[in-house]
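Worksheet: the structure to be examined is printed underneath.
The values are calculated or read from the model by the stated rules, or taken from the named source; none is laboratory data. No experiment lies behind these values; they were computed from the predicted model shown. Backbone-built Cβ (ideal geometry, glycine too); neighbour counts: all protein chains shown.
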Amino acid sequence: MNPNHSRFADPADGLPLSKSGNSLFAQNSQSYPIIREIPRFVSTENYAQAFGEQWNRFPKTQLDSHTGIPLSEERLARCMQGRLPEVADRRVLEAGSGAGRFTEILLKYGALLDSFDYSCAVEANAANNGSSDKLTLAQADIRHIPFPKNTYDFVVCLGVLQHTPDPEQSIRSLWSMVKPGGSLVIDHYRWKLRNFLPPPLGVAGLLYRRYFLRLPKGRQFDAVRRVYDFWFPWVWRFRESKAMQFLLSRFTPIVCYYPHFGLRDKQMYYEWMLLDTHDAMTDVFKHRRSPAAIRKTLKELGACNIRVTTGGNGVEAYCEKSLEAGPA
């Protein structure tokens, strides 16, 4: 990782930070510890704690370099409207890195990358991508980003906004990081009525999630895995039957990706589906927005060249900040 900590700014006021020992200090003497070479601007215990534990359990599962399948690269390229090659030697901010599946791709294309996550998943990302001196990494809050505002050619946030307390506030914060002439790339879960209805009209995950979230955080993963291991053999046995998959979705919480992702074998599907089933069952916040709602938020920010589509994670959006735009 980049050993130069001058990229960081105080998330409270945006002023420069100074390094002394294993901490960064603000001008008001507020200190932020550096733990395992990663500055920490938030408490280790927060609403994303389950995500952090998840990514440290599955640090390589979704990396293209691990699967040999360009799922992350194709998704990122699509969301960036084909501009992925343009990140070479450009300032890019990645919000919500997880274990670094998109970090890996952005570095591969030569981005000067500042990245953060709210959870301790940054440790998995450091293990996966920390050998690059083009990566600056922090544990931080999307609502209080510890990097300089209005300085990024691209701001990328995929798989994150729906899990934050207030997605619109999070989008505004991301927008403040985009420089005039720069681009914002985001996605969000899509609003669908069935996601709010119990079985048989809706899916079973709604009820399972209520149960898992009532458990102590330290017991959630094991509980999810026990339920998952009970249902997975049935989901896999009937993986080719659309009718049975529809029926099973009314009884199981399993997120089924077969055959859409084209993974190599049963074990790979098992890990991907367990990872994302845990993700879907233990997220403290799960917001949904329609394409129209996302477009409305971006228009209110003054974005131009707005492109909002459905697909992938639900709603994918790309927009740009005009060259005439003032500070956000």
Next item on the list: With the condition kept exactly as written, say whether any residue in segment 197-207 is assigned to a loop (DSSP other than H, G, I, E, B), under 24 Å from the mean Cα position of the chain (by Cα) and modelled with pLDDT of 95 or more.
Entry: no
Check: What is the residue count in segment 13-51 for residues that are part of a loop (DSSP other than H, G, I, E, B) and not aliphatic (A, V, I, L, M)?
Finding: 16
Notebook entry, point to check: For residue 253, all conditions in the list (1) in contact with a helix residue (DSSP H, G or I) (Cβ under 8 Å, 6 or more places away or on another chain); (2) surrounded by fewer than 18 Cβ atoms within 10 Å (Cβ to Cβ) hold save one; what is the number of the exception?
Noted result: (2)
Check: With 52, 98 as the choices, which residue is under 14 Å from the mean Cα position of the chain (by Cα), at pLDDT below 95 and not acidic (Asp, Glu)?
Finding: 52
Next item on the list: Determine which single condition residue 108 fails, assuming it passes every other condition in (1) touching a residue at least 60 places away in the same chain (Cβ under 8 Å); (2) farther than 25 Å from residue 323 by Cα; (3) of a type outside the set (A, V, I, L, M, F, W, C); (4) out of contact with any Asp or Glu (no Cβ under 7 Å at 6 or more places or on another chain).
Entry: (1)
Notebook entry, point to check: What are the residue pairs meeting all of these: first residue in segment 275-303, first residue over 26 Å from residue 181 (Cβ atoms), second residue basic (Lys, Arg), Cβ atoms under 6 Å, and 6 or more apart or on different chains?
Noted result: 281/209
Checklist line | Among residues of segment 304-322, those that are without any contact (Cβ under 8 Å) to a residue 24 or more places away in the chain and either crowded, with 18+ Cβ neighbours inside 10 Å or within 15 Å of the chain's Cα centre (by Cα) (or both), counted | finding: 1
Notebook entry, point to check: When residues of segment 223-249 are filtered for being of a type outside the set (Gly, Ala, Ser) and in contact with a Leu (Cβ under 9 Å, 6 or more places away or on another chain), how many remain?
Noted result: 9
Check: Any idea which of 6, 43, 29 is modelled with pLDDT under 95, out of contact with any Asp or Glu (no Cβ under 8 Å at 6 or more places or on another chain) and at positive phi?
Finding: 29
Check: Is it the case that some residue within segment 233-249 is closer than 23 Å to residue 68 by Cβ and in contact with a Cys (Cβ under 8 Å, 6 or more places away or on another chain)?
Finding: yes
Next item on the list: Would you check if residue 262 is at positive phi, at pLDDT below 95 and not assigned by TED's automatic domain parsing to the domain that holds residue 174?
Entry: yes
Margin query: Between 274, 207, 248, which is outside the structural domain of residue 167 (by TED's automatic domain parsing), surrounded by fewer than 18 Cβ atoms within 10 Å (Cβ to Cβ) and among the aliphatic types (A, V, I, L, M)?
Written below: 207
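Yes or no, residue by residue, for (1) buried (at least 23 other Cβ atoms within 10 Å of the Cβ); (2) closer than 23 Å to residue 141 by Cα:
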{"position": "69", "(1), (2)": "no, no"}
{"position": "75", "(1), (2)": "no, no"}
{"position": "81", "(1), (2)": "no, no"}
{"position": "88", "(1), (2)": "no, no"}
{"position": "91", "(1), (2)": "no, yes"}
{"position": "96", "(1), (2)": "yes, yes"}
{"position": "100", "(1), (2)": "yes, yes"}
{"position": "108", "(1), (2)": "no, no"}
Checklist line | Residue in segment 254-266 that is within 22 Å of the chain's Cα centre (by Cα), under 16 Å from residue 158 (Cα atoms) and not in a strand (DSSP E or B) present | finding: no
